[in-house]
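What follows is calculated from the coordinates using simple rules that are stated; it is not laboratory data. These numbers were taken from a predicted model, which means no experiment stands behind them. A quick note on method: Cβ atoms are made from the backbone with ideal geometry, for glycine too, and the neighbour counts reach across all protein chains shown.
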């Protein structure tokens, strides 16, 4: 066979595909439609302008990756709240057990999936970053 | 024993057992909320319902029904399970379902049973309670909305603590647990109620929201405060001791603790702990390395008899014995002592000559087995609260008679039928001699006494102590003394209890011998429920005596060491854990000694007043970070292991002494266990013990007594002066030594020193509660807050000695009774 033939055949396929409709999602120009039950970045729900979380420690207890850190405190009304609520996204396996375990429905998983960051410290999501925006 | 059948299993149980106890002994678990091993059966919760065939299958409570011969019992038929489910439904009807925020969650009996019986819905509806939550005190939070009315708190407060702060109040559906007139809680804060609460109605505030129960690891240890030797379980998370956990199976005291044992653990993780060795450079203590610090210390220890040492009896046996070996063999000095040099005299001198042993001839377990208790000073409750609980139980449950000889009334005086003879301060020894004299005169002497060495001399020496003569100088009447003598002598079993400590200078060798004379003359020693029990102050005071960490063969004692520091014969002073500046008498002298000594080394947890004067300060470990053994006041040797990892920069005293021995050219043992092997081989009573065998329950070191009478000397009574009050020093209930100042719990309830005086003196001096008074003695003057109480007799004032901010030793120079003036 002429050594040029395979190159021409290859180029023909390439050229054909240049004019075909793309099969894959054109991220980031196109955004995926995230399913409602998609398990992305966590969010702490807010009610009466404060976090619903009562710092019961069930999420760190159930977490198989041990990525959740909670510290409880007592507020002025003697109620329990989370002084610290941190999730280490580098360790999180997005299993959603924490949401399932939550007895007060204070935690959800959002559709947010773009979690890339430049430093390791930025992967540790503090309570402020996790609180849902109103 | 009775034979019965439980769930088709043939079992036997003691005659006194209830069905519940019989089942438990035989490994059959009956669910219950209102039962505790230490408390009397109550039958409040109805969870323990069982069926007894002989009772026609009726459902009866297992916890209040005695097990009888031939009973056929079923503990879990479908009917019983149905009934239990209903009980739980009814309890959950009013119980707030706030498990996520309740600190009891995970350790909650109600939660566990709800889970076990799968009660996940409720057929009934009702409103939840809306009781106000008591946040008024810093230690115990009371949320009566969660209460299931099992009554355990009220019962333990009454039956064991004997305070009676809590009870059922109101009626019917409004019934709740409360204080008198529904006031805020104001008790002695031992926290026993918290420990037995099956739900989260009573919670420890220092632990509030700190951690969940399941997240903590539980480490058993031995309390590091007083000499009772209570076992504690420490709840540890992230290498921090967060709380103490109740275990009703633990120790002779069945998990019962006092305020400092339960709430005084915070010193372990205190932010004030020293973290690096400090060396004085250009007059300032600055951080250094271990190598530098120990090299300096080792260099100074080469001074032979110029070196002296003071140790705290809070060190382990291994550390004390290694310290002693180092001083004797590697340093070459005999000058070492502990506990201010006199707090151990009752054992090392008194009992040594009266019983031929430096330990008590009775144990704490004898208290409940006795018929008659003679307590010297009501302070026995304050110094050793858990021993106090034993006395409470003996008197209230076993009908043991209690007589107290004291210079003030106290909590023990309030026990049923307790007789308190309140004498003039300082006259207790004369009184005891007069009791012995009365026993001789009334021919109540035991047959064995005449054969004991020194009987004739005793008889002669007691001639001056007739009840009439002593009654006059002690402020009692002769009939009372005689009555006490005859009650003591005529009881089949009688036990004498007296506290010792750095604040109890009057409780010395002479007092111990006077008490021993009483026991020997009536033959009340060496038998169950008899003897003389010396309550030594710190957690290892008895161990320090057993290890021989006190001057022998011509060594200097604490007082002489301080004198020698002043006159320059002692040039290097090694203080291991003591804080003489606060806890030794005569602050001026101690300060002069510490100033004068050329080189002062202090190994401490904190930068105490004494450590602040040192040339080298070595940071050491608390009892929760080290391994070793403690010997309790009744010679129970108990093993402790680390509950938390020590920080890299601190060492145990054992490591420090080992390192110093190496630097001095010796060969130290590698591990505390090896040191203990040497202790076991050389200490009377410790033979055969080792760390492995002691791990579970510890072991008693037996005491062999060889009785001898010690003839009393004539005593000069304390002369009172008009316009002056008699100051007696002692321990406050909430504190032990100076260490408890670093525990948050004790400092919440008793944050500062005070002077306690009677109502009549208060009105005579026009002093109101909490007034700042100037107290002056011959040696100095200081300001203390006034506390007016009913227990003090007129003319007597009391001050505790624990506080660095108000050091009582600036007016107290070590006399049992100090005459002071009081000005508002």
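Just the number: Rg to Rh for the protein assembly as shown, Cα atoms, Kirkwood Rh, two decimals.
Ratio of gyration radius to Kirkwood radius: 1.05.
Determine the percent antiparallel among the DSSP beta bridges restricted to the protein assembly as shown, to the nearest 5.
60
To the nearest Å, what is the center-to-center distance of the stretch B:34-54 and the stretch B:239-309, using C-alpha atoms only?
Between the Cα centre of the stretch B:34-54 and that of the stretch B:239-309, the gap is 46 Å.
Using only the alpha carbons of chain A, what is the convex hull's orientation-averaged projected area in square nanometres?
Projected area, direction-averaged: 13.3 nm².
Over all alpha-carbon pairs in the stretch A:1-80, figure out the percentage whose distance exceeds 16 Å.
76
For the stretch B:207-297, treating each Cα as an identical point scatterer without solvent, what Debye log10 I(q)/I(0) comes out at q = 0.14, 0.15, 0.19 1/Å?
Here log10 of I(q) over I(0) equals -0.65, -0.70, -0.86.
Cα centroid distance between the stretch B:405-433 and the stretch B:155-189, in Å?
Cα centres, the stretch B:405-433 to the stretch B:155-189: 29 Å.
What percent antiparallel are the DSSP beta bridges of chain B, to the nearest 5?
Of the beta bridges lying entirely in chain B, close to 55 percent run antiparallel.
Could you sort B:546-553, B:51-58, B:700-707 so that the peptide with the highest average Cβ count within 10 Å comes first and the rest follow in order?
Descending mean neighbour count gives B:546-553, B:700-707, B:51-58.
How large is log10 I(q)/I(0) at q = 0.15, 0.19, 0.21 Å⁻¹ when the Debye formula is applied to the Cα atoms of the stretch B:485-562, each weighted equally and without solvent?
-0.66, -0.93, -1.04
Convex hull over the alpha-carbon atoms of chain B: what's its volume per residue in Å³?
174
Compute the distribution of all C-alpha to C-alpha distances in the stretch B:568-700, in bins of 10 Å from 0, and list the percent of pairs in each, rounded to whole numbers.
Once binned at 10 Å, the Cα pair distances of the stretch B:568-700 give 11, 32, 32, 22, 3.
How many angstrom lie between the Cα centre of the stretch B:334-393 and the Cα centre of the stretch B:588-613?
30
If you average over every viewing direction, what projected area does the convex hull of the Cα atoms of the stretch B:7-135 give, in nm²?
9.7
I'd like the projected area of the stretch B:725-823, averaged over all directions, using the convex hull of its alpha carbons. Report it in nm² with one decimal.
5.7
I'd like the mean, over residues of A:56-69, of how many other protein chain beta carbons sit within 10 Å of each residue's own Cβ.
Mean partner-chain Cβ count within 10 Å for A:56-69: 2.
If you take every DSSP beta bridge whose two residues both sit in chain A, what share of them, in percent to the nearest 5, is antiparallel?
95
Starting from the Cα coordinates of the stretch B:330-451, work out the convex hull volume and express it per residue in Å³.
168
Rounded if a/c is under 1.5, else prolate if a/b is larger than b/c, else oblate: which is the stretch B:686-775, with a ≥ b ≥ c the root eigenvalues of its Cα gyration tensor?
oblate
With no solvent and one point per C-alpha, what does the Debye sum give as log10 I(q)/I(0) for the stretch B:276-404 at q = 0.10, 0.14, 0.21 Å⁻¹?
Computed log10 I(q)/I(0) values: -0.57, -0.83, -1.31.
Per DSSP H run of at least 4 residues, take -39500 (n - 2.57); add these up for chain B, divide by its residues and hand me the 222 nm value, nearest 500 deg cm²/dmol.
Computed ellipticity for chain B at 222 nm equals -7500 deg cm²/dmol.
Across the residues of B:208-215, average count of Cβ atoms on other protein chains within 10 Å?
Averaged over the peptide's residues, the number is 5.
Grab the alpha carbons of the stretch B:2-76, take their convex hull, and tell me the volume per residue in Å³.
Each residue corresponds to 77 Å³ of Cα convex hull volume.
Note down the relative contact order for chain B as a percent, whole number, built from C-alpha pairs under 8 angstrom at least six residues apart.
14
Considering chain A as a Gaussian network with a 10 Å cut-off on Cα pairs, which listed residue, A:28, A:64, A:103, attains the greatest mean-square fluctuation?
It is A:28.
Please state, as a whole number in µm²/s, the translational diffusion coefficient that the Stokes-Einstein equation yields for the stretch B:126-269 at 10 °C and 1.306 mPa s, with Rh defined as the Kirkwood radius across alpha carbon pairs.
Roughly 99 µm²/s, to the nearest whole number.
Let me check against my output: what whole-number percent is the relative contact order of the stretch A:32-130, with C-alpha pairs under 8 Å and at least 6 apart?
Value for the stretch A:32-130: 37 percent.
Please provide three numbers in whole Å: the alpha-carbon extents of the stretch B:625-767 along the principal axes, with the largest listed first.
Taking the Cα atoms of the stretch B:625-767, the three principal extents are 64, 48, 36 Å.
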